[in-house]
Amino acid sequence: MADLSQAIVLFVALIALLSLGVWVALVLVACGVLSIVLFADAPAGIIFATKAWDSSASWALTALPLFIWMGEILYRTRLAEDMFSGLGPWVQRLPGRLVHVNTLGCGIFAAVSGSSAATAATIGRISLPELKARGYDDSISIGSLAGAGTLGLLIPPSIVMIVYAVAAQVSIIRLFVAGVLPGVLLMCLFSGYIALWSIRHPDRVPPATEQISLGEKIRRLRLLAPVVLLILAVIGSIYGGIATATEAAVLGVIGSLIIAAFGRSLSWATFTASLLGAARTSCMISFILIGAAYLTSAMSFTGLPANLAAWIGSLGLSQYALIAVLTVFFIILGAFLDGISIVVLTTSVLLPAVLAAGIDPIWFGIYLILTVEMAQITPPIGFNLFVIQGITGRNLFELMRMAFPFFLVLVLATVLVTVFPQIVMLLPNAM
């Protein structure tokens, strides 16, 4: 009974403070204080000071601001425009034609930005006006961008992956590598849906107008060379055991600065803007991590996480049943919280139950990120929908309707990695 009353009090406080617009980090700290004061006999101030230091003095967190800075630098280059020019000629003969550039471009940019919102914004600013000018249907153009923009969370180096790895105390490198095959799978599923939609609606896809020779297609591929080399340097150095995640992040920052310099988009103004943007985002995430660590520690004094894990274990749910219940839970949670908040709020509480069910924490991290991707296109707190609304000026519910098929594709991807867990675990186990 005490556990139930504590859960109700914390849930009501959490929703009330979030609905008032209080910063997520402050909400987490406030709920932690409330938990200790009402349900435990421990010094709230000393615990906060200790957990704030423990959660922020982690060497693994060093990679976080560096990968964010890398994405901020590339966000201000001509990278997205070059990707559209380089990829466009190769998809002209596919059903859906240039709409596939959304999926491929988001996949490539995700591998160097680590951010879902940055991926959707950068690719969207280039692709949506171009697709509209060529007569492509808005529903598939905008919907595919909303869906493919979520790849920024799944394809390494992902910011959310680093946050989960720190919260769950698992290897960042193994988690990065685990995201590669699911990311490729998701890109194929998005492109597959675009192709099926185009076959069903041939009248809403304009004919190919640009005839480009094979030699010209190959020459345009050179536009992709800088970002491909950067991806190989970052991901290849990690998978090959040459560099740690932090060292790979340094390589990424240096590479992005070189790309920006050669593309003549590196100026003092863009350099300082990228640095300030990275500092703001890093501080926000670090503050949330501190709040989550404090709330987790506070709840551990009350015994709620352990009791919750024991209760879930007593239900006798199979792994599939547990994953099905958690998927519904995360989809509902995603309607009200952003991805990072979902990860830090739930990881420490649910992980004991997940481990007790025999689920690998690396696999669970990828599964959790897939469900967080759903939250990016779920109203009312769908960050990708807000980003695309800023680009297009469309109504939020209209955007939700366009993105809904790609939400179902994300559900399908979650089912596939659940039924076939080797999609996630093949590369980490081969390291």
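What the table shows:
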{"quantity": "Estimated vicinal HN-Hα couplings, Hz - the range 64-72 in sequence order (Karplus 6.51, -1.76, 1.60; Gly, Pro = x)", "calculated": "4, x, 5, 5, 5, 5, 4, x, 5"}
{"quantity": "Order of exposure, largest accessible area first, which applies to H100, H201 with probe 1.4 Å", "calculated": "H201, H100"}
{"quantity": "Solvent-accessible area of S85 with every protein chain in place, 1.4 Å probe, in Å² to the nearest 10", "calculated": "40"}
{"quantity": "Full-extension gain in nm, W311 to R394, via 0.36 nm per residue minus C-alpha separation", "calculated": "25.4 nm"}
{"quantity": "Over the range 1-120, relative contact order from alpha-carbon pairs under 8 Å, at least 6 apart, %", "calculated": "19"}
{"quantity": "Among S282, L94, V33 - extreme Cα towards positive end, dipole of the chain, charges at beta-carbon", "calculated": "L94"}
{"quantity": "Charge dipole (debye, nearest 20) of the chain; +1 at Cβ of Lys and Arg, -1 at Cβ of Asp and Glu", "calculated": "1020"}
{"quantity": "For the chain, the longest site-free run once trypsin sites (Lys or Arg not before Pro) in DSSP loop states with at most 12 other Cβ atoms within 10 Å are removed", "calculated": "94-263"}
{"quantity": "Protection proxy ranking of 151-164, 359-372 - average other beta-carbon atoms within 10 Å, highest first", "calculated": "151-164, 359-372"}
{"quantity": "The chain: relative contact order as a whole-number percent, Cα under 8 Å and 6+ apart", "calculated": "25"}
{"quantity": "Carbon/sulfur fraction of accessible area - the chain, other protein chains in place, 1.4 Å, %", "calculated": "71"}
{"quantity": "Relative contact order of the range 72-157, defined on C-alpha pairs under 8 angstrom at six or more residues apart (%)", "calculated": "37"}
{"quantity": "Rounded to the nearest 10 Å², the accessible area of C31 at probe 1.4 Å", "calculated": "0"}
{"quantity": "Extension reserve of the V22-L229 stretch, reckoned as 0.36 nm per residue once the Cα distance is removed", "calculated": "70.3 nm"}
{"quantity": "With Cα atoms, 0 to 90° folded angle of helix 44-56 axis to the chain main axis", "calculated": "30"}
{"quantity": "Residues in the range 97-119 reached by a label modelled at C188 [backbone nitrogen below 12 Å; 7 Å Cα→Cβ]", "calculated": "none"}
{"quantity": "Nearest-ten-degree value, helix 339-356 long axis tilted from longest Cα axis of the chain", "calculated": "60"}
{"quantity": "Projected label distance in nm at R280 and S267, using a 7 Å step from Cα toward the beta-carbon", "calculated": "1.9"}
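The values are calculated or read from the model by the stated rules, or taken from the named source; none is laboratory data. Being a predicted model, the structure only gives us computed values, none of them experimental. Because the Cβ atoms are built from the backbone with ideal geometry, glycine has one as well, and the counts that use them run over all protein chains shown. Ligands, DNA and RNA are excluded from the accessible area calculation, which covers all protein heavy atoms including side chains. Shrake-Rupley method; radii C 1.70, N 1.55, O 1.52, S 1.80 Å.
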